[in-house]
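The values are calculated or read from the model by the stated rules, or taken from the named source; none is laboratory data. Owing to the predicted nature of the structure, the values given are computational and were not obtained by experimental measurement. Because the Cβ atoms are built from the backbone with ideal geometry, glycine has one as well, and the counts that use them run over all protein chains shown.
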Amino acid sequence: MRNGPPSRERPSEGGTIEKIEIGEHYDTTYGTLWKDGTYFPRGTRVLVTGLHIEQGYCVRFPAERDGESLETWEDWDEVDFLAEAGSIESGDALPSSVMTEAQEVLDEAEDGCHLHLHEAED
(Lines give C-alpha, C1' and ligand atoms only; values in the text may rest on other atoms or scores of the structure.)
Protein backbone atom coordinates (compact mmCIF):
# COMPACT_ATOMS: atom_id res chain seq x y z
CA MET A 1 0.00 0.00 0.00
CA ARG A 2 1.10 3.51 -0.69
CA ASN A 3 0.84 6.19 1.91
CA GLY A 4 1.12 9.81 0.82
CA PRO A 5 4.45 11.40 1.62
CA PRO A 6 4.57 13.39 4.86
CA SER A 7 6.44 16.15 3.07
CA ARG A 8 6.82 17.10 -0.55
CA GLU A 9 9.29 19.44 -2.16
CA ARG A 10 8.07 21.39 -5.17
CA PRO A 11 11.13 23.12 -6.61
CA SER A 12 9.09 24.68 -9.42
CA GLU A 13 6.83 26.36 -6.84
CA GLY A 14 9.54 27.04 -4.27
CA GLY A 15 7.35 25.71 -1.46
CA THR A 16 6.99 22.75 0.85
CA ILE A 17 4.01 21.14 2.51
CA GLU A 18 5.13 19.62 5.79
CA LYS A 19 1.99 17.48 5.96
CA ILE A 20 -1.54 17.46 4.62
CA GLU A 21 -4.15 17.84 7.33
CA ILE A 22 -7.91 17.40 7.27
CA GLY A 23 -9.60 20.71 8.02
CA GLU A 24 -6.70 22.83 6.75
CA HIS A 25 -6.87 25.23 3.81
CA TYR A 26 -4.33 25.11 0.99
CA ASP A 27 -3.83 26.97 -2.29
CA THR A 28 -3.97 25.18 -5.63
CA THR A 29 -0.85 25.29 -7.78
CA TYR A 30 -2.76 25.08 -11.07
CA GLY A 31 -6.25 25.77 -12.39
CA THR A 32 -9.16 23.34 -12.34
CA LEU A 33 -11.98 23.19 -14.89
CA TRP A 34 -15.11 21.20 -14.00
CA LYS A 35 -17.37 19.54 -16.54
CA ASP A 36 -20.14 22.10 -15.85
CA GLY A 37 -17.74 24.88 -16.96
CA THR A 38 -16.84 26.13 -13.49
CA TYR A 39 -13.20 27.23 -13.50
CA PHE A 40 -10.96 27.82 -10.50
CA PRO A 41 -7.61 29.51 -11.31
CA ARG A 42 -4.25 28.72 -9.76
CA GLY A 43 -4.19 30.04 -6.18
CA THR A 44 -7.75 29.01 -5.33
CA ARG A 45 -8.11 28.31 -1.60
CA VAL A 46 -9.39 24.75 -1.01
CA LEU A 47 -10.16 22.77 2.15
CA VAL A 48 -8.86 19.24 2.71
CA THR A 49 -11.85 17.18 3.87
CA GLY A 50 -10.45 13.66 3.78
CA LEU A 51 -7.36 11.47 3.54
CA HIS A 52 -7.25 7.84 2.42
CA ILE A 53 -4.22 5.59 2.03
CA GLU A 54 -5.35 4.25 -1.35
CA GLN A 55 -7.67 7.00 -2.65
CA GLY A 56 -5.50 10.00 -1.88
CA TYR A 57 -6.88 13.21 -0.43
CA CYS A 58 -10.23 14.97 -0.81
CA VAL A 59 -10.45 18.72 -1.42
CA ARG A 60 -13.47 21.00 -1.25
CA PHE A 61 -13.59 23.92 -3.65
CA PRO A 62 -15.28 27.23 -2.72
CA ALA A 63 -18.51 26.48 -4.63
CA GLU A 64 -21.59 24.31 -4.56
CA ARG A 65 -23.45 22.40 -7.24
CA ASP A 66 -27.09 21.44 -6.65
CA GLY A 67 -26.70 22.33 -2.97
CA GLU A 68 -23.70 20.03 -2.52
CA SER A 69 -20.14 21.16 -1.86
CA LEU A 70 -17.88 20.79 -4.89
CA GLU A 71 -15.36 18.15 -3.77
CA THR A 72 -13.03 15.71 -5.46
CA TRP A 73 -10.53 13.02 -4.54
CA GLU A 74 -6.99 13.57 -5.82
CA ASP A 75 -4.41 10.79 -6.12
CA TRP A 76 -1.31 10.98 -3.94
CA ASP A 77 0.78 11.59 -7.07
CA GLU A 78 -1.10 14.92 -7.36
CA VAL A 79 0.13 16.15 -3.96
CA ASP A 80 1.93 18.99 -5.77
CA PHE A 81 -1.56 20.36 -6.53
CA LEU A 82 -1.54 21.79 -2.99
CA ALA A 83 0.63 24.52 -1.53
CA GLU A 84 0.59 26.28 1.82
CA ALA A 85 -2.26 28.77 2.17
CA GLY A 86 -1.23 32.21 0.98
CA SER A 87 1.82 30.99 -0.95
CA ILE A 88 0.39 30.95 -4.49
CA GLU A 89 -0.56 34.09 -6.38
CA SER A 90 -3.96 33.85 -8.05
CA GLY A 91 -3.82 32.95 -11.73
CA ASP A 92 -5.43 34.68 -14.67
CA ALA A 93 -8.15 33.42 -16.95
CA LEU A 94 -6.86 30.99 -19.56
CA PRO A 95 -7.13 31.76 -23.28
CA SER A 96 -10.54 30.91 -24.73
CA SER A 97 -8.94 28.38 -27.12
CA VAL A 98 -7.55 26.39 -24.16
CA MET A 99 -10.86 26.55 -22.30
CA THR A 100 -12.79 25.45 -25.40
CA GLU A 101 -10.49 22.48 -26.02
CA ALA A 102 -10.63 21.45 -22.35
CA GLN A 103 -14.42 21.74 -22.31
CA GLU A 104 -14.64 19.50 -25.40
CA VAL A 105 -12.65 16.84 -23.54
CA LEU A 106 -14.89 17.16 -20.50
CA ASP A 107 -18.07 16.95 -22.60
CA GLU A 108 -17.14 13.33 -23.31
CA ALA A 109 -16.38 12.57 -19.65
CA GLU A 110 -18.60 11.36 -16.82
CA ASP A 111 -20.44 13.85 -14.63
CA GLY A 112 -18.31 15.25 -11.84
CA CYS A 113 -15.11 15.06 -13.90
CA HIS A 114 -12.56 17.85 -13.95
CA LEU A 115 -9.23 18.72 -15.53
CA HIS A 116 -6.20 20.41 -14.01
CA LEU A 117 -4.87 23.10 -16.32
CA HIS A 118 -1.36 24.41 -15.87
CA GLU A 119 -1.22 28.12 -16.53
CA ALA A 120 1.80 29.51 -18.34
CA GLU A 121 4.01 31.60 -16.10
CA ASP A 122 5.58 34.81 -17.34
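Residues that are modelled with pLDDT of 90 or more and among the hydrophobic types (A, V, I, L, M, F, W, C): which strands (runs of 3 or more DSSP E) entirely in the range 38-122 hold 3 or more of them?
45-52, 56-65
Filter the range 66-76 down to residues that are within 12 Å of the chain's Cα centre (by Cα) and not aromatic (Phe, Trp, Tyr) and give me whichever is farthest from GLU24 (Cα to Cα).
Looking at residues that are within 12 Å of the chain's Cα centre (by Cα) and not aromatic (Phe, Trp, Tyr), I get ASP75.
In the range 23-37, which residue that is modelled with pLDDT of 95 or more and assigned to a loop (DSSP other than H, G, I, E, B) is surrounded by the most Cβ atoms within 10 Å (Cβ to Cβ)?
Of everything passing the filter in the range 23-37, GLU24 is surrounded by the most Cβ atoms within 10 Å (Cβ to Cβ).
Pairs needed: first member in the range 46-67, free of Cβ contacts under 8 Å to residues at least 40 places away in the same chain; second member anywhere, basic (Lys, Arg); C-beta distance under 6 Å; at least 6 residues apart or different chains.
Note: pairs meeting the criteria are LEU47/ARG60; THR49/ARG60.
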